[in-house]
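Let me begin by presenting the structure, written as structure tokens, before commenting on it.
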């Protein structure tokens, strides 16, 4: 089961760029779309950190998964933990998720 499907099984409303949108959508457009729709962006692409942290692009929350080569079940577990952490925050953070830690990147 893919991560998007795992989130859906856990009751989350999910949109997938790969599944729901045309190929070739830029990172800037993806971030803007997620922000417009008040969606948390889940990504393996560190370029979103550049957009959010360095360029101060608005966002509704970003979860950057830096998990390396781990089984899908472990990725899903860390993602669900990250969503719980995100819900406890006062403002939408840029989260960096590794196998051993979840941290908010400075903005």
- How many of the residues making up segment 93-107 are in contact with a strand residue (DSSP E or B) (Cβ under 8 Å, 6 or more places away or on another chain) and in contact (Cβ under 8 Å) with a residue 40 or more places away in the chain? 4
- Extreme residue, farthest from the chain's Cα centre (by Cα), among residues of segment 12-24 that are surrounded by 12 or more Cβ atoms within 10 Å (Cβ to Cβ) and not in a helix (DSSP H, G or I): 21
- Query: Scanning for something within 19 Å of residue 89 (Cα to Cα), in contact with a helix residue (DSSP H, G or I) (Cβ under 6 Å, 6 or more places away or on another chain) and at pLDDT 90 or above, does segment 35-49 turn up at least one residue?
  - Reply: yes
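The values are calculated or read from the model by the stated rules, or taken from the named source; none is laboratory data. In this text, all values refer to a predicted model and were calculated from it rather than measured experimentally. Glycine gets a Cβ as well: all are built from the backbone with ideal geometry, and neighbour counts include every protein chain shown.
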